[in-house]
Amino acid sequence: MNVFRLSGDVSHLLAILILLMKIWKTRSCAGISGKSQILFALVYTTRYLDLFTSFISPYNTAMKVFFIASSYATIYLIYLKFKATYDRNHDTFRMEFLVLPVLVLAFVVNHDFTPLEILWTFSIYLESVAILPQLFMVSKTGQAETITSHYLFALGMYRALYIVNWVYRYYFEGFYDLIAIIAGVVQTVLYCDFFYLYVTKVLKGKQLTLPA
Amino acid sequence: QVNKQNKDEL
């Protein structure tokens, strides 16, 4: 565990808390893509099956349990508790366009052809593109609430910080995992456009709006 | 060194 990895985890934790708080305090999930949240729940469920097979540390277990539980809680808030506020007309990205190619890729490019390893690989690939329905929704409506921008920024920073962590681990531990690295870079690149808007608009006190 | 068992990351 190095400082970049820890910062990445904290950023990830913060993103989830911001999202849950936004929905809970405003009693509304307007502007949030339920589809991205379903994909994230699928990501955590398939990745953390090793909770049943291997124990790493109390920290590791606690974070995994939190990520799984919070992702289902978010889905509950969007599709049940506050479903009247869910903006389904703008959440039109087709999930199967992401899930199916990623599933095929996980079967073809993996470290080991075993069920747990394929599911882990699937989850890594899926995470890299899971935010697309959310970004698609923002581009469709042309704007995002400031709190939603903070959520997206923290979520994007999490994998960006992991990349620095991987560079660090490569140099100081001789450790690297190409599947995680490539997927992590793809994931971070998808946020670049948003990062630019966040720095040039949201940090200057303006709402995030896209040029028409 | 290829990762397989070292899944300590989240």
Do you know which of the residues in region A:55-76 that are among the aromatic types (Phe, Trp, Tyr) and at pLDDT 95 or above is nearest to the chain's Cα centre (by Cα)?
A:PHE67
Scan region A:54-94 for residues that are closer than 25 Å to A:VAL129 by Cα, charged (D, E, K, R) and surrounded by fewer than 18 Cβ atoms within 10 Å (Cβ to Cβ) and report the count.
4
Examine region A:30-51 for a residue that is within 14 Å of chain B (Cβ to nearest Cβ), in contact with a Gly (Cβ under 9 Å, 6 or more places away or on another chain) and closer than 20 Å to A:ALA183 by Cβ, and state whether such a residue exists.
no
A:LEU13 passes all but one of (1) surrounded by fewer than 19 Cβ atoms within 10 Å (Cβ to Cβ); (2) of a type outside the set (Val, Ile, Thr); (3) more than 16 Å from the chain's Cα centre (by Cα); which number fails?
(3)
Within region A:21-42, can you find the residues that are closer than 30 Å to A:GLN207 by Cα, in a helix (DSSP H, G or I) and within 14 Å of the chain's Cα centre (by Cα)?
A:GLY34, A:LYS35, A:SER36, A:GLN37, A:ILE38, A:LEU39, A:PHE40, A:ALA41
Would you be able to tell me the number of residues in region A:143-158 that are farther than 11 Å from A:GLY31 by Cβ and out of contact with any Asp or Glu (no Cβ under 8 Å at 6 or more places or on another chain)?
6
In this structure, is A:THR74 on the phi < 0 side of the Ramachandran plot, of a type in the set (S, T, N, Q) and in a loop (DSSP other than H, G, I, E, B)?
no
Which residue pairs have Cβ atoms under 9 Å apart, sit 6 or more places apart or on different chains, and have a first residue in region A:76-99 that is free of Cβ contacts under 8 Å to residues at least 40 places away in the same chain and under 18 Å from A:LYS22 (Cα atoms) and a second that is assigned to a loop (DSSP other than H, G, I, E, B) and not hydrophobic (A, V, I, L, M, F, W, C)?
A:LYS81/A:ARG27; A:ALA84/A:SER28
Only unsatisfied item for A:ASP193, checking (1) surrounded by fewer than 18 Cβ atoms within 10 Å (Cβ to Cβ); (2) charged (D, E, K, R); (3) modelled with pLDDT of 95 or more, is (3)
Selected residue [free of Cβ contacts under 8 Å to residues at least 40 places away in the same chain and not β-branched (Val, Ile, Thr)] from A:TYR125, A:TYR162, A:TYR196:
A:TYR196
Residue in region A:122-142 that is out of contact with any Lys or Arg (no Cβ under 9 Å at 6 or more places or on another chain), more than 14 Å from A:ALA15 (Cβ to Cβ), of a type in the set (A, V, I, L, M, F, W, C) and within 14 Å of another protein chain (Cβ to nearest Cβ) present
no
State whether the residues of region A:62-71 include one that is under 28 Å from A:SER139 (Cβ atoms) and either free of Cβ contacts under 8 Å to residues at least 12 places away in the same chain or away from chain B (no Cβ under 11 Å) (or both).
yes
Which condition from (1) touching a residue at least 60 places away in the same chain (Cβ under 8 Å); (2) of a type in the set (Ser, Thr, Tyr); (3) part of a helix (DSSP H, G or I) is the one that A:THR53 breaks?
(3)
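The values are calculated or read from the model by the stated rules, or taken from the named source; none is laboratory data. From a predicted model like this one, the values you see are computed outputs, not experimental measurements. Heads up, the Cβs are rebuilt from the backbone with ideal geometry, glycines too, and the neighbour counts pull from every protein chain shown.
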